């Protein structure tokens, strides 16, 4: 496999198509949790009825298309190699939780990888849809259409008072989790995130790093999502989230301007040094790689580095995860070998940009 | 502090072991700690859901007034899950559990969903037009109040007519159902 093919493989096609405010919001995601009526939840561990759910989904939806989402393919967890599962997790098409369900777990993925439907994760069905940039409204409208399409063949567990019934009480009601992935380097550099996060939490929204553990956000990438799913309509949830995201975008833009004004040449130097590291290093840890990738992306947004595509941040963040590296190397790699391989891959990717 | 074993990564596992009264402090990074067998980090991360559901108190006030414990006696008649099991797992066994444990759910839902207990969003199509229409009447009534407050009386009149129309349709459906 050539590097180009591999990247086509690593980057879901939908990611390359713009979207609103895409210098700061990398992607919008909608997830709907749905269950079948009169079937125990996957959390009950009763294999027989769950296998029937899987068989039914395969029979009704595998190979089907809906509007622009062509040719849904079903992959059973029991048929996938550990590395293949890891790659699907790193592309955010399945959850680590689903990967562990070797018995009845499966996923339906549309050809363009924009829609994935997890079968027998925590709930019978978890429908996910991604859009580039800030497009929550479009995403939720489309998710509803797909939801209605699925509902045509399935009776959902629904209660007039409690709404869509889910395995976990934190999802009941709309079963909706809306989230946006944001790149917030200036707010992080100026230490403002520490103050902003608790404020956002008070509004029933959650902010966390996408990569990295705890409060650490590798690559200055954050995910903002709703926590409350009951007592608010989907429109309200989306509106609340969108208005907070817009605030964050404005603050990030103001902070970028401020840093450039205050310390233009120092910032330019810092960002170009990161470019230097990525273009030349022979061993690189994922933490350093994420930091440098975030710097390059900021330099592209500020118009300093030209001729490198914006998607390099999202692309290489996925590409340099352990699963992808090993998939590309076609063998298992020790952490040390991964660091060498990661450095090589990033160098090749950057050279490719310059040739284009 | 760097890891004592690989001297490369930051130490994030700090461990004091006492063997025969001799105290040893160990500082390792996650990777080395896992290799040395001190800890298994896969699946260690507490999810937000686990965190929220474990926070819910065991309806202490309710227990005091009752001699029987709901943990073992309240059971879902569809999947067999007991209330105690639900408390431990934080996950329901089936959709009927919501009904079976309904008397204990309100405080939990309130805590998790900022005080809300009732769904106001999307409704499955198969539930039929009835509930859709009822919800629309409710939402129009709110709009009507807003319009009156804003003294937009022309708009209020239109909304009132819409409500009237929907209510008539609901009434006819109900009669049809009885006949």
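The values are calculated or read from the model by the stated rules, or taken from the named source; none is laboratory data. This structure is a prediction, so every number in the text was calculated from the model and none was measured. All Cβ positions, glycine included, derive from the backbone under ideal geometry; neighbour counts span all protein chains shown.
Consider residue A:286 carefully, then state whether it is surrounded by fewer than 22 Cβ atoms within 10 Å (Cβ to Cβ) and within 14 Å of chain B (Cβ to nearest Cβ).
So residue A:286 passes the test.
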Can you tell me which residue in segment A:310-336 is farthest from residue A:298 (Cα to Cα), limited to those that are within 14 Å of chain B (Cβ to nearest Cβ) and surrounded by fewer than 15 Cβ atoms within 10 Å (Cβ to Cβ)?
A:334
Could you tell me whether residue B:145 is more than 14 Å from every other protein chain (Cβ to nearest Cβ) and over 27 Å from residue B:171 (Cα atoms)?
no
Looking at (1) away from chain B (no Cβ under 14 Å); (2) touching a strand residue (DSSP E or B) at 6+ places or on another chain (Cβ under 6 Å); (3) modelled with pLDDT of 90 or more; (4) under 27 Å from residue B:10 (Cβ atoms), which is the one condition that is false for residue A:245?
(4)
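Please find, among B:92, B:86, the residue that is within 16 Å of the chain's Cα centre (by Cα), at pLDDT 85 or above, over 15 Å from residue A:161 (Cα atoms) and part of a helix (DSSP H, G or I). Can you show your working first?
Working: B:92 fails: part of a helix (DSSP H, G or I).
The unique qualifying residue is B:86.
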For strands (runs of 3 or more DSSP E) lying entirely in segment A:56-151, having 1 or more residues that are within 14 Å of chain B (Cβ to nearest Cβ) and in contact (Cβ under 8 Å) with a residue 24 or more places away in the chain picks out A:125-132
For residue A:287, which of the numbered conditions (1) modelled with pLDDT under 90; (2) in a helix (DSSP H, G or I); (3) more than 27 Å from residue A:21 (Cα to Cα) fails to hold?
(3)
Would you point out the residue of segment B:4-16, among those that are more than 18 Å from residue A:288 (Cα to Cα) and within 40 Å of the chain's Cα centre (by Cα), that is surrounded by the most Cβ atoms within 10 Å (Cβ to Cβ)?
B:13
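Just give me the residues in segment B:118-139 being assigned to a loop (DSSP other than H, G, I, E, B), touching a helix residue (DSSP H, G or I) at 6+ places or on another chain (Cβ under 7 Å) and more than 7 Å from every other protein chain (Cβ to nearest Cβ), in sequence order. Reasoning before the result, please.
In the first step, residues of segment B:118-139 are kept if they are assigned to a loop (DSSP other than H, G, I, E, B); the result is B:118-124, B:128.
After this cut, where a residue has to be touching a helix residue (DSSP H, G or I) at 6+ places or on another chain (Cβ under 7 Å) as well, the list is B:121-124.
The one that is assigned to a loop (DSSP other than H, G, I, E, B), touching a helix residue (DSSP H, G or I) at 6+ places or on another chain (Cβ under 7 Å) and more than 7 Å from every other protein chain (Cβ to nearest Cβ): B:123.
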Scan segment A:170-186 and tell me whether some residue there is free of Cβ contacts under 8 Å to residues at least 40 places away in the same chain and more than 9 Å from every other protein chain (Cβ to nearest Cβ).
no
Filter segment A:187-227 down to residues that are more than 14 Å from every other protein chain (Cβ to nearest Cβ), out of contact with any strand residue (DSSP E or B) (no Cβ under 7 Å at 6 or more places or on another chain) and either in contact (Cβ under 8 Å) with a residue 40 or more places away in the chain or assigned to a helix (DSSP H, G or I) (or both), then give me how many there are.
12
Is it fair to say residue A:272 is part of a helix (DSSP H, G or I) and either in contact (Cβ under 8 Å) with a residue 40 or more places away in the chain or under 23 Å from the mean Cα position of the chain (by Cα) (or both)?
no
